[in-house]
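In what follows, a single structure is set out as structure tokens and then discussed.
The values are calculated or read from the model by the stated rules, or taken from the named source; none is laboratory data. Keep in mind it's a predicted model, so treat the numbers as computed, not measured. Positions of Cβ are backbone-derived with ideal geometry, glycine not excepted, and every protein chain shown enters the neighbour counts. To get the accessible areas, we keep the full protein, side chains included, count just its heavy atoms, and leave off ligands, DNA and RNA. Shrake-Rupley method; radii C 1.70, N 1.55, O 1.52, S 1.80 Å.
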Amino acid sequence: MDFKVDLSNCDREPIHIPGKVQAHAVLIGIDYKTQLITHVSDNVAKFFSCNPEQLLNQPFRVFLSLSGIDTREVNFLSLLPDQFVEGFEKENAWIVPTNGGRFHLVAHLSGPTVIVELEPAKEEDGREVQNIVGSLLSRILAAKSFQDTLDFSAQQIKNIIGYDRVMIYRFAEDGHGEVVAEKVNDEIESYLGLHYPASDIPKQARELYKKNLVRIIADVDATDAAIEVNNSITQATPLDMTDAVTRAVSPIHIQYLKNMGVKASFSVSLIADGELWGLIACHNYEPLLIDYRKRNSCRIIGQILSTSLIFRQEEVDNEQKAKFNTHLGNIIKHIRSDIDFKDALMQHGNSMLDITKGTGAALMFDNDIFMIGETPTQEQIRGIAAWLGEFNKNQFFQTTQLADLYPAASSFKDVASGLMSVAISREMKEYIFWFKKELPQTVRWAGNPNKPAEMGANGLLQISPRKSFEEWTEKVQGKSEGWQAHEISSVMQLREELVHIINERANQVRKLNEQLKQAYEELDTFSFTISHDLKTPLSSIKNYAELLIEEENLGNEHKPMLQKIVKGADRMNLLIREVLSYSRIGRLQMTVAPINMGQMLDEIRTELLNVYNSKPVRLTISNPVNIIGDYTMIYQVFTNIIGNAVKYSSAAEIPEVTVETQAGISEVTYIISDNGIGIDMKNGDQIFDLFKRMNNASPFEGTGVGLAIVKRIIEKHNARIWYESEPGNGTVFYLIFKTV
Ligand code: ADP
């Protein structure tokens with residue numbers, strides 16, 4: 001069997017045109033234009049000495065005289081149609097003496113028809129109700145809490161109507177309802193805290209609850225009275241009884257009440273901001289009519305409660321909003337006072353967790369994750385960020401059922417069924433997340449919401465309300481409490497502030513960078529100019545010293561001094577040359593192109609072997625791999641590195657220098673090893689500093705500029721350099737270059 005029937009079928013039941021009226025009331029329809037009776041409920045003879053045949057097609061006054069109503073008591077037929085404004089008849093019910101006793105008479109206009117409803121009136125003191133309403137008002141204003149107001153209202157309604165059970169029923173966003181307040185006779189089981197599935201009150205019934213603020217079903221077992229019609233006038237359209245207070249009730253609803261053992265039911269709608277917030281639902285286990293005036297009093301209580309719902313809810317919201325705002329203010333203050341904003345967001349008692357009702361929060365920033373409260377693991381949070389980057393292109397996102405959208409979240413739904421996120425930077429995958437726990441797993445459903453359909457006696461599957469009202473436990477999985485508007489607004493404010501601060505700081509860094517670059521360039525120009533200007537006086541010094549050495553009149557004892565001057569000038573020249581070449585790198589335009597490394601290394605080799613021609617150096621180059629770079633600069637790099645290797649191994653018995661390669665996918669590592677004096681690795685990267693020479697290097701000539709040049713060129717090429725060494729045991733330099 002594959003039937004799909006559920007109570008949403010009730011959504012289509014035409015309950016506003018039942019063609020019937022409840023047994024306790026008489027309905028008479030009058031055509032407004034002709035003032036002739038067009039509709040009469042067939043129970044009229046039960047209350048008055050007349051029957052439908054005598055009335056249909058007759059002027060209304062025929063009914064008035066047959067029922068013994070004084071025509072002066074009811075003058076509504078003289079009203080113009082637009083005077084039958086909504087509510088008119090309800091505020092102005094007439095109590096009329098008839099030959100069948102006192103009746104409430106209410107009239108309203110439905111299309112071309114004036115609908116008159118008559119219900120028996122009970123003796124009562126009108127002042128009593130006024131008192132109740134007055135005291136309710138002051139109680140509502142003084143109530144300690146929202147719950148207090150609800151409880152008190154339920155009690156007042158119970159006092160007025162005398163039913164066995166009065167519940168206040170609140171609808172959740174998904175349409176299901178919960179009993180949030182209840183006054184019930186001692187011997188009856190309480191329904192407080194029970195949840196009812198949304199299908200219990202079909203959609204169009206909800207619409208009617210918004211229009212008819214009170215609704216009575218005086219006796220579920222009584223047979224409704226059919227409305228007889230004067231066919232000559234109204235054949236075509238059924239009488240619209242939307243606003244008729246005694247309209248017959250849907251058989252499905254009657255069955256529903258019967259299943260609960262209820263004999264009479266009464267409801268008052270609670271409306272907040274134009275929406276059905278809930279109902280005051282009242283049950284009696286015996287038939288019991290509440291007369292029109294009492295019902296009206298209950299309606300007023302409902303309206304007072306409805307108004308208070310709005311301001312009470314606002315009060316609760318405002319209190320919370322104020323709390324969030326204080327925390328937000330403190331966080332922002334900390335951020336502005338230059339505290340690292342990670343710390344500002346995580347400060348205990350004033351953290352990002354305190355600006356929402358979230359149960360956990362996480363900040364993803366600078367590739368780090370900072371967490372507070374109950375959260376998924378770091379890895380799970382990274383998973384969420386990766387998914388969110390694809391799934392949601394906005395800066396803001398929220399859900400109360402994360403696992404429905406992102407199935408991987410089902411493994412941590414207990415801590416994060418609810419997710420709200422703001423992106424600080426989507427590109428950098430920088431987010432702040434707030435999590436909300438899964439709602440308590442068990443809800444006390446009053447019946448099984450998944451089984452609304454029943455097999456009928458005739459063997460067909462038919463829609464019928466649930467028969468079982470025993471408590472049913474339904475697991476409501478993977479769902480969190482909703483995210484409120486003020487929670488959303490506080491995280492948006494925080495985001496704005498963060499983005500502002502981050503931009504401000506980024507601008508500062510950018511500015512500093514600019515200044516640094518400028519200073520660097522100035523320094524370069526300065527050293528270039530100085531070195532350049534030194535060259536001319538230096539060559540004069542050298543030239544004159546050399547001339548003096550040649551001078552025969554000068555005593556021999558002075559010549560070594562002059563030779564020192566010449567040597568010093570030479571060394572200074574070398575230094576100046578090196579500094580010039582170092583500063584030149586800063587200003588040189590790079591021309592990047594593939595370089596034939598085999599050829600370049602051969603040239604360098606020849607050049608070096610010429611310099612050290614007196615020494616038996618073994619310099620081997622294997623598998624040169626072409627790289628991408630500026631020819632002159634790369635030439636300088638290898639000359640320096642290989643030159644150093646040869647120089648610092650020259651004291652070895654047989655200096656051995658090898659140049660090898662290791663090719664990667666898009667890069668190559670050049671490995672230059674020697675068997676020279678080695679470097680103490682404690683000195684780290686100091687060897688790359690300008691003019692820095694190691695102690696063991698002093699016997700060898702040098703300026704300490706070469707590796708500084710190398711470093712600068714390597715940086716310009718986005719290449720990498722490092723070394724491994726041990727004093728006395730040779731050195732290995734590694735250089736990685738791009739090959740494509
Ligand atoms: P220098 O002109 O002194 O060779 P560099 O800048 O080329 O200057 O090198 C800086 C220092 O690093 C050297 O003075 C030396 O102490 C050390 N160094 C560089 N290469 C080697 C090497 N292959 N073996 C041992 N020490 C080295």
**Message:** Which count do you get for residues in segment 273-306 that are open to solvent by 20 Å² or more (accessible area, probe 1.4 Å), within 38 Å of the chain's Cα centre (by Cα) and under 24 Å from LYS203 (Cβ atoms)?
**Reply:** 6
**Request:** Taking ASN644 as the residue in question, decide whether it is open to solvent by 10 Å² or more (accessible area, probe 1.4 Å), touching a strand residue (DSSP E or B) at 6+ places or on another chain (Cβ under 9 Å) and on the phi > 0 side of the Ramachandran plot.
**Result:** no
**Request:** Please determine, by comparing only the residues of segment 231-259 that are at pLDDT below 85 and of a type in the set (Gly, Ala, Ser), which one is least open to solvent (accessible area, probe 1.4 Å).
**Result:** SER250
**Message:** Quick check on this structure: which one of LYS144, LYS122, LYS158 is surrounded by fewer than 17 Cβ atoms within 10 Å (Cβ to Cβ), under 25 Å from LEU309 (Cβ atoms) and of a type in the set (Lys, Arg)?
**Reply:** LYS144
**Asked** Under the condition of being assigned to a strand (DSSP E or B) and either among the polar types (S, T, N, Q) or touching a helix residue (DSSP H, G or I) at 6+ places or on another chain (Cβ under 6 Å) (or both), which residue from segment 154-168 is nearest to ILE140 (Cα to Cα)?
**Response** ILE168
**Prompt:** How many residues, within segment 410-422, are open to solvent by less than 20 Å² (accessible area, probe 1.4 Å), without any contact (Cβ under 8 Å) to a residue 40 or more places away in the chain and over 16 Å from GLY373 (Cβ atoms)?
**Reply:** 0
**Item:** Failed criterion for LEU305 (all others in (1) closer than 30 Å to MET346 by Cβ; (2) at pLDDT below 90 hold)
**Value:** (1)
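Residue by residue, here is whether (1) assigned to a helix (DSSP H, G or I); (2) aromatic (Phe, Trp, Tyr); (3) farther than 19 Å from LEU208 by Cα; (4) at pLDDT below 75 holds:
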{"residue": "SER8", "(1), (2), (3), (4)": "yes, no, no, yes"}
{"residue": "ASP11", "(1), (2), (3), (4)": "yes, no, no, yes"}
{"residue": "ILE17", "(1), (2), (3), (4)": "no, no, no, no"}
{"residue": "HIS24", "(1), (2), (3), (4)": "no, no, yes, no"}
{"residue": "VAL85", "(1), (2), (3), (4)": "no, no, no, yes"}
{"residue": "LEU109", "(1), (2), (3), (4)": "no, no, no, no"}
**Prompt:** Here is a list of conditions, (1) closer than 24 Å to LYS738 by Cα; (2) at pLDDT below 95; (3) not aromatic (Phe, Trp, Tyr), and LYS692 meets all of them except one; can you say which number that is?
**Reply:** (1)
**Message:** So MET600 passes all but one of these: (1) within 16 Å of the ligand (Cβ to nearest atom); (2) surrounded by 15 or more Cβ atoms within 10 Å (Cβ to Cβ). Which condition number does it fail?
**Reply:** (1)
**Message:** Residue under question is GLY678, and the condition is that it be on the phi > 0 side of the Ramachandran plot, open to solvent by less than 30 Å² (accessible area, probe 1.4 Å) and in contact (Cβ under 8 Å) with a residue 40 or more places away in the chain; does it hold?
**Reply:** yes
**Asked** Name the strands (runs of 3 or more DSSP E) wholly within segment 622-726 that hold at least 2 residues that are within 60 Å of the chain's Cα centre (by Cα) and more than 13 Å from the ligand (Cβ to nearest atom)?
**Response** 627-630, 656-663, 667-674
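Yes or no, residue by residue, for (1) within 30 Å of PRO202 (Cα to Cα); (2) at pLDDT 70 or above; (3) touching a Phe, Trp or Tyr at 6+ places or on another chain (Cβ under 7 Å):
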| residue | (1), (2), (3) |
| --- | --- |
| LEU36 | no, yes, no |
| LEU55 | no, yes, yes |
| GLU91 | yes, no, no |
| PRO120 | no, yes, yes |
**Matching residues, segment 164-197, being closer than 20 Å to GLU481 by Cβ, touching a Phe, Trp or Tyr at 6+ places or on another chain (Cβ under 8 Å) and not hydroxyl-bearing (Ser, Thr, Tyr)** = ARG170, PHE171, HIS176, GLY177, GLU178, VAL179, VAL180, LEU194, HIS195, PRO197
**Asked** Could you say whether any residue in segment 547-562 is closer than 30 Å to ASN640 by Cβ and assigned to a helix (DSSP H, G or I)?
**Response** no
**Prompt:** Any idea which residue in segment 655-671 is most open to solvent (accessible area, probe 1.4 Å), counting only those that are in contact with a strand residue (DSSP E or B) (Cβ under 6 Å, 6 or more places away or on another chain) and of a type in the set (A, V, I, L, M, F, W, C)?
**Reply:** ILE671
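Yes or no, residue by residue, for (1) closer than 30 Å to THR620 by Cβ; (2) among the hydrophobic types (A, V, I, L, M, F, W, C); (3) free of Cβ contacts under 8 Å to residues at least 40 places away in the same chain:
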{"position": "GLU578", "(1), (2), (3)": "yes, no, no"}
{"position": "SER581", "(1), (2), (3)": "yes, no, no"}
{"position": "ILE585", "(1), (2), (3)": "yes, yes, no"}
{"position": "ILE595", "(1), (2), (3)": "yes, yes, yes"}
**Prompt:** closer than 28 Å to GLU578 by Cα, surrounded by fewer than 13 Cβ atoms within 10 Å (Cβ to Cβ) and of a type in the set (S, T, N, Q): does that describe ASN503?
**Reply:** no
**Message:** Testing GLU228 on (1) open to solvent by 40 Å² or more (accessible area, probe 1.4 Å); (2) at pLDDT below 85; (3) within 27 Å of SER41 (Cα to Cα), one condition comes back false. Which one is that?
**Reply:** (2)
**Message:** Being surrounded by 20 or more Cβ atoms within 10 Å (Cβ to Cβ) and either among the acidic types (Asp, Glu) or in contact with a helix residue (DSSP H, G or I) (Cβ under 7 Å, 6 or more places away or on another chain) (or both) is the requirement here; does ILE369 meet it?
**Reply:** no
